[in-house]
Each structure stands twice: as C-alpha cells, then as structure tokens.
Amino acid sequence: MQDKVTFEYAIIRLVPKVEREEFFNVGVILFSKRKKFLDFKFNINPNKLLAFAPELELEQLNNYLNAWKLICEGTAGGKIGELEISDRFRWLAACRSTIIQSSKTHPGLCEFPEKELQDIFEKYVL
C-alpha cells in the first residue's frame, strides 16, 4: 500500500437536452496531486449521439472536448490552462448546466494513474 497514491476522478457526460436530464458518459478526467498527473480521455459514440440528439454535431463536440484535453496538458485554454494542475482539475470537474457536465468527483488509491484512467474509461465510457 506504500506505493499507492490518492487520486480523484469525474465522469464526463453529454446531456443533449438539459431539461430532460438524460445523459450518456463520454469521458473521464483523473487527477493525482502526488504524481502531478492530470489527464482526460473521451469518446463520443456517434450512434448514441444520433439517438439522443441528431441535431448536435459530432465534430463540434469533439472540438470542445479536445480543448479540455489541452487544458489538462496546460498547453491551451488561456488563463485556465495556466493554472496549477489541481485548479485546472477543479475547474474542469465543476458543476455545469450545459450539455457537457461532470459527475461528482470520486476518490481512490492507485499506483499508476495512467492505468487507472484507462480502466475507469473502459468501464464507464466504452
């Protein structure tokens, strides 16, 4: 247990019609302070998008979520991308009332945040 570090993650959801509160998972953001790790994986299933909201454009949603990835890396996002890693995570995982929302954050312990991110992504998104 000595090699394990704490991490936090949130599931990213697509809520095409906010008033209906229906959603499907499209990504995972994971943060580990001790490992100085922040990353985001996403995948929008085009068939689900078509079933939930045929009026939304897949390319536009992918561009929006790619911006989240760049903010995690600290390579874009203006002032937000320049924030400390923990502040970038908090900003991205904050509650929103838009069509892209995040779950509450969940804690855990792991040795390798990259592997944990992949495991959570496969379990809840794919």
* **FRET E, pair residue 57, residue 96, Förster distance 22 Å, beta-carbon r, rounded to 0.05** => 0.70
* To do: Check the straight Cα-Cα distances from residue 48 and name the lysines below 21 Å, setting aside those fewer than 8 residues away within the same chain.
  => 17, 123
* To do: For segment 49-64, take each phi angle, set θ = phi - 60°, evaluate the Karplus expression 6.51 cos²θ - 1.76 cosθ + 1.60, and give the result in whole Hz per residue in order, putting x for glycine and proline.
  => 4, 4, 6, 7, 7, x, 7, 7, 9, 4, 4, 5, 5, 4, 4, 4
* Asked: Over the chain, what relative contact order in percent results from Cα pairs under 8 Å that are six or more residues apart?
  -> 37 percent
* **Order of 91, 68 - criterion: other Cβ atoms within 10 Å of each residue's Cβ, fewest first** => 91, 68
* Structure fact -> To the nearest 20 debye, the chain has a Cα-centred charge dipole, built from +1 on Lys and Arg Cβ and -1 on Asp and Glu Cβ, of 280 debye
* Asked: Over the chain, how many percent of alpha carbon pairs lie in each 5 Å bin up to the one with the longest distance?
  -> 2, 11, 21, 23, 20, 13, 7, 3, 1, 0
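Readers should treat all values here as calculations from the given coordinates under stated rules, not as data from a laboratory. Note that the structure is predicted; figures quoted are calculated from it, not measured. Every residue, glycine among them, receives a Cβ derived from its backbone with ideal geometry; neighbour counts consider all protein chains shown.
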